[in-house]
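Take a look at this one; I'll ask things after.
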Amino acid sequence: MSAQPRPGVLQPSSPLWCGGFRPFYLAGCLYGLLAVGLWAAGHFGDGAATAYGRPLWHAHEMIFGFVAALCGGFILTALPSWAGTATIRGRPLMLLVGVWGLGRAAMLAAPAIPPLAAALLDLAFAPLLLAVAGSQVWGVSNRLYRLLVPILVLLTLGNLAYHLGVLRGDAGLAHGGIRAAYYALMLLFSFVGGLLTPIFTESRLRESEPAAAIGFRRPLEVLAPAGLLLTALTELAGLGGAAVAAAALATALVHALRMATWRSAAVLGSPLLAAMHAGYACLIVSLLLQAAEQGASIPASASIHAFTLGAMGLTKISLMTRVALKHTGRSLHLPAAAIAAFVAMGVAALLRTIAVDGALLAMAALSWAAAIALYLALYGRFLLAPSLPKGAVR
């Protein structure tokens, strides 16, 4: 559903500032392409060095630059639609995007400006988003939305730990901050993907089966995020590989049981839903790989990218497509190029999960960039244009 403007509220003159998904999806995708391009130039060529070391900078900017923008756009769009909160638009939205943009400029300019200045500019966005979204969810009747608050707090603390590590020259602390943020995204994914995937699936199934129902099993709905939190605490507390492996394996089982009743096979013909189901399956694969990494010669990058490119990549491109169409008054019919973008994201996830370096790594980066570029080519103009009049869906 799409939130309608409230009577008497001054509307922005530009469609870009009418909803959070518009500027954040556009800017986030553009910045993601830039960040991956800079990383690739340094990794495969002789690109400029960063003040933080290329792997850490890449991890930070993909989380707090690219993914944070997409999550911000989604949260600011989903809350009015699902929780009935006020739509953030106009100048408040400009402020949020501007603060995010200042953080990106600071991280790009980090070699030329003091690390403390870069840290302060970059640290501002997550707390601001927390303040905006947190104040909204605390006023809605459904307390489930309040889970956003601790997730955004963990994301903020992860970024703080990262910058403290950089300022102190403590690579372990900086890496720990990245891992904390990574787990925050896992929790957010479990919340969003675990809620919307079965809801959208049930809605699709009811088109041909009016009585179709996919119920939520409360024990699994509680254990799914609890298991992720346990895995995070086990790792961040340094309890050892065996404990991490056990927690990750048990959590993978919980999420597999959670997904088992979602009737994935019945919606393979719907690219939007198939991508979300595949994305959730990638979360399970990521946890299994994390468990296997503790006792085998599997690089840590395998589980990380099974989640970031597989789980988040596939789910995000599906949700971004759905939002760009539905929230601008257009139908959910997908052209072949949109399906190609989904396939490209899946290929990128597979290649990056198995790649260590070399040609496979380059191909994974190119495939990911192709998916994002296709999304922008198809839907970028919708993000900039006015929504179609109600009833004029096409």
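The values are calculated or read from the model by the stated rules, or taken from the named source; none is laboratory data. Computed from a predicted model, the values in this text were never measured in an experiment. Positions of Cβ are backbone-derived with ideal geometry, glycine not excepted, and every protein chain shown enters the neighbour counts. With ligands, DNA and RNA removed, areas are computed over all heavy atoms of the protein, side chains included. Shrake-Rupley method; radii C 1.70, N 1.55, O 1.52, S 1.80 Å.
Condition check: crowded, with 24+ Cβ neighbours inside 10 Å and of a type outside the set (Lys, Arg). Does LEU309 satisfy that?
yes
Being in contact (Cβ under 8 Å) with a residue 60 or more places away in the chain, of a type in the set (Gly, Ala, Ser) and not in a helix (DSSP H, G or I) is the filter; apply it to the stretch 348-394 and report the residue that is farthest from ALA41 (Cα to Cα).
That would be ALA392.
Any residue at all in the stretch 357-373 that's among the small types (Gly, Ala, Ser), surrounded by 15 or more Cβ atoms within 10 Å (Cβ to Cβ) and over 23 Å from ALA69 (Cβ atoms)?
Yes: one or more hits.
Every residue in the stretch 312-352 that is of a type in the set (S, T, N, Q) and open to solvent by 30 Å² or more (accessible area, probe 1.4 Å), please.
SER331
So, of the residues in the stretch 286-299 that are in a helix (DSSP H, G or I) and not polar (S, T, N, Q), which turns out to be most open to solvent (accessible area, probe 1.4 Å)?
Looking at the filtered set, the residue picked out is LEU288.
Mind checking which pairs have a first residue in the stretch 319-346 that is at pLDDT 95 or above and hydrophobic (A, V, I, L, M, F, W, C) and a second that is open to solvent by 50 Å² or more (accessible area, probe 1.4 Å) and part of a helix (DSSP H, G or I), Cβ under 7 Å, 6 or more apart or different chains?
ALA337/LEU374; ALA340/LEU374; ALA341/LEU374; ALA344/LEU374
Let me ask something else about it. Report the residue count in the stretch 91-103 for those that are in contact with a Phe, Trp or Tyr (Cβ under 7 Å, 6 or more places away or on another chain) and open to solvent by 10 Å² or more (accessible area, probe 1.4 Å).
4
Just to be sure, is LEU283 open to solvent by 40 Å² or more (accessible area, probe 1.4 Å) and part of a helix (DSSP H, G or I)?
Details: open to solvent by 40 Å² or more (accessible area, probe 1.4 Å): no; part of a helix (DSSP H, G or I): yes.
Here the answer is no, as LEU283 does not meet what is asked.
Still on this structure, I have one more. Looking only at residues that are open to solvent by 30 Å² or more (accessible area, probe 1.4 Å) and either modelled with pLDDT under 95 or in a loop (DSSP other than H, G, I, E, B) (or both) in the stretch 244-263, which one is nearest to LEU205 (Cα to Cα)?
ARG263
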